[in-house]
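Below is one structure, written out as structure tokens; comments come after it.
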Amino acid sequence: MCSTSGGLAGLAGYHGVVWPRRLPRWAPQFLGYSLSAVCLIWVLHNYDLRELLEAIRELDWKWVALAVLSDLVIYVVHGWRWKTLLGPVVRLGLWRTVQAIYIGLFANEVLPLRTGEVIRGYLLAHWNNIRISLTFASMAVERLMDGVWLLLAFLITASFVKGIPKDLVILVQVLGALLILAIMILYWIVHHKQDAHAAIAENRWASTLRHIVEGLHLMGDARTLSRTAAISLLYLAIQFLTVWALLMARGFDLSFWVAAAVVVIQRFGTVIPNAPGNLGLSQAMYIVALRLFDVEVAEAKTLSLIIFSFTTLPLLIGGAVATSLTGLNLGELRDRARKVTADVK
């Protein structure tokens, strides 16, 4: 599954983020890894891994096959969405778009601070001869749409699920406020193009920002945004389907909406930058979510590991194949993406 998810924090995890000067550059990565390590220790504490092996043997593999298939479809739908969003600007090939997404998400699984977001933006720009600022602008719009649907899904979840951790509710409220602010800024840019140009005229990043404004203006027509929003809803629904199928494979007769609630809580809980692939934190949030539906702790731990395994393994395989087809390794792609991003002015 798209774990990087996750969702609202994608752009915030870019290598290009400038951390406060008084904060050492290694600090964010250290804090993220520490958080993940603590969560993983908590997940595995008093847990017998033989239970996981036994649970895997007992899975209904018809449901597992559905989960893996739907997880693979997620990336195709993601590519379709990106292609649709940038349609007014450039004509993208679906395969190349999906390949860039696979490589980026694969990088997120093995590299720190969601570096894969920069890589997929760089690849799409490089392969289609467009400015990287435009790909980043489109990715920001994607995140806003994901945020809107996730926020709505969380509100629905909170209406019928009691006991959601207060800290998570506060986090969602803060993210919701930031999301509304970002949408207001996007709306202003799209509907006040000349004013937006004037506002950035004296900025030293004026050239880059001007291209972003132009791209947002082209992508901001009602038809493009409405189609992209509809695809975004499908994109999220397929993620719900993946988790629901894995719950069914384990023999839990829980509704599709319970699976949706589990995914929403996990996605919001992993917004905080942490270890590659959200290792540790992802499992912890799955456990927190499953416990809200009276799943026993030991079984919740087993399910968290099963969900993580069967949504991560296909991505690792597909991402490795997609990366090998470029003739470069992830380190080389990361260095090229960093160079291009640093040169943007």
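The values are calculated or read from the model by the stated rules, or taken from the named source; none is laboratory data. If you're wondering where the values come from, they're calculated on a predicted model, not measured in any experiment. Note: ideal-geometry Cβ built from the backbone for every residue, glycine included; neighbour counts use all protein chains shown. Side chains included, ligands, DNA and RNA excluded: accessible areas come from the protein's heavy atoms. Shrake-Rupley method; radii C 1.70, N 1.55, O 1.52, S 1.80 Å.
Given a 1.4 Å probe, how much area per residue of region 231-312 is accessible, in Å²?
I get 28 Å² per residue for this part.
Comparing Cα centroids, region 252-289 and region 314-337 end up 26 angstrom apart.
Taking label positions 7 Å along the Cα-Cβ direction at both R91 and A65, the computed distance is 3.9 nm, reported to one decimal. Ignoring aspartates and glutamates fewer than eight residues from K162 along the same chain, the ones with Cα atoms less than 16 angstrom from its Cα are D294. A simple count of charges around M145, restricted to other residues whose Cβ falls under 14 Å of its Cβ and scoring Lys, Arg +1 and Asp, Glu -1, yields +2. Both radii were evaluated on the Cα set of region 264-328; the Rg over Rh quotient, with Rh as the Kirkwood radius, amounts to 1.10. In this rough spin-label picture, where each label sits 7 Å from Cα along the Cβ direction, the L313-L44 distance is 1.8 nm. Annotation: peptides 230-241, 153-164, 135-146, 294-305, ranked by per-residue average of other Cβ atoms within 10 Å with the highest first, follow the order 135-146, 230-241, 294-305, 153-164. Treating each Cα of region 49-153 as an identical point scatterer and summing with the Debye formula, the log10 of I(q)/I(0) at q = 0.24 Å⁻¹ comes to -1.30. Carbon and sulfur: what percent of region 256-345's accessible surface (1.4 Å probe)? Roughly 63 percent, rounded to a whole number.
Could you give the length gained on full extension between S34 and E332, defined as 0.36 nm per residue of separation minus the Cα-Cα distance, in nm?
Numbers: separation 298, 0.36 × 298 = 107.28 nm, distance 2.70 nm.
Roughly 104.6 nm would be gained on extension.
Per-residue extension of 0.36 nm, minus the Cα-Cα distance of F160 and L53, leaves a gain of 35.2 nm for this segment. Evaluating 6.51 cos²θ - 1.76 cosθ + 1.60 at θ = phi - 60° for every residue in region 107-114, the Karplus couplings come out as 5, 4, 6, 10, 10, x, 6, 6 Hz, glycine and proline recorded as x.
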